[in-house]
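Colleague: Here it is, the structure, as structure tokens.
The values are calculated or read from the model by the stated rules, or taken from the named source; none is laboratory data. Everything numeric in this text was worked out from a predicted model, so none of it was measured. No Cβ is skipped: glycine too gets one built from the backbone with ideal geometry, and neighbour counts run over all protein chains shown. Quick note on the areas: whole protein, heavy atoms, side chains included, nothing else; ligands and nucleic acids left out. Shrake-Rupley method; radii C 1.70, N 1.55, O 1.52, S 1.80 Å.
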Amino acid sequence: MIRNATPADVPVIHEMVRELAEYEKALHEARASEEQLREALFGERPAAYAHVAETAEGEVVGFALWFLNFSTWRGVHGIYLEDLYVRPSQRGGGYGKALLASLARICVERGYERLEWSVLDWNEPSINFYRGLGAEPQDEWTVYRLTDGALAELGA
């Protein structure tokens, strides 16, 4: 079952964010606290949204955390999927596909024209999964990022 996340889901989402960061060999970069996630998802002005995947017994085993972006070329919003994660013991059970399908459904219902995300180039299982759904890599684009000192310096 896929459903909208609730404030009660924040601890397990936070736990899975850290599991994902560890899988991606970047646990040291995962600094967000439960309180920050709660504020981002359920604060006065939510910046992000989340869906969770539950087993028949009600155990949360995966999540999708996303936010809106905007295409100046298409003139409409889209969804940027920040994180998609299903616990290893539950992979292959259809949860990842169901989470992505729930976001695709939102796009279709609201007239959004893109559902986008990034994947590490070494993550072959995920790449194969996404390609199996019909997703296409955007090889002509390179992601750039400013953080920490470089961000502070430019913003000063």
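Colleague: Just to confirm a number: summing +1 for Lys and Arg and -1 for Asp and Glu over residues other than HIS28 whose beta-carbon lies under 12 angstrom from that of HIS28, what do you get?
Modeller: 0
Colleague: Rank LEU146, LEU103, LEU37, LEU68 by accessible area, highest first, at a 1.4 Å probe radius?
Modeller: Highest to lowest solvent-accessible surface, that is LEU146, LEU68, LEU37, LEU103.
Colleague: So how do MET16, MET1 rank on accessible area, 1.4 Å probe, biggest first, that is with the largest at the start?
Modeller: Ranking MET16, MET1 by accessible area, largest first, yields MET1, MET16.
Colleague: Same structure, new question: Report THR147's accessible area, 1.4 Å probe, all protein chains in place, as a number in Å² to the nearest 10.
Modeller: Roughly 70 Å² of THR147 is accessible to a 1.4 Å probe.
Colleague: Per residue, what accessible area does the chain have, given a 1.4 Å probe and all protein chains present, in Å²?
Modeller: 66
Colleague: Test of understanding: what is the full-extension gain from ARG45 to THR72, defined as 0.36 nm times their sequence separation minus their Cα-Cα distance?
Modeller: Extending this stretch completely gives an extra 7.4 nm.
Colleague: OK, next. Which of the following values of semi-axes √(5λ) of the Cα gyration tensor in Å was calculated from the structure shown: (i) 23, 21, 18; (ii) 37, 18, 15; (iii) 21, 17, 15?
Modeller: Structure-derived value, by its label: (i).
Colleague: Among ARG74, ARG38, what's the order by accessible area (1.4 angstrom probe), most exposed first?
Modeller: ARG74, ARG38
Colleague: Roughly to the nearest percent, how much of the accessible area of the chain is carbon and sulfur, given a 1.4 Å probe?
Modeller: Answer for the chain is 52 percent, counting heavy atoms of protein chains only.
Colleague: Could you run the Debye sum over the Cα atoms of region 17-86, one equal point scatterer each and no solvent, and tell me log10 of I(q)/I(0) at q = 0.24 Å⁻¹, two decimals?
Modeller: -1.16
Colleague: Shape call for region 1-49 from the C-alpha gyration tensor, a ≥ b ≥ c root eigenvalues: rounded (a/c under 1.5), prolate (a/b greater than b/c) or oblate?
Modeller: Taking the square roots of the gyration eigenvalues as a ≥ b ≥ c, region 1-49 is oblate.
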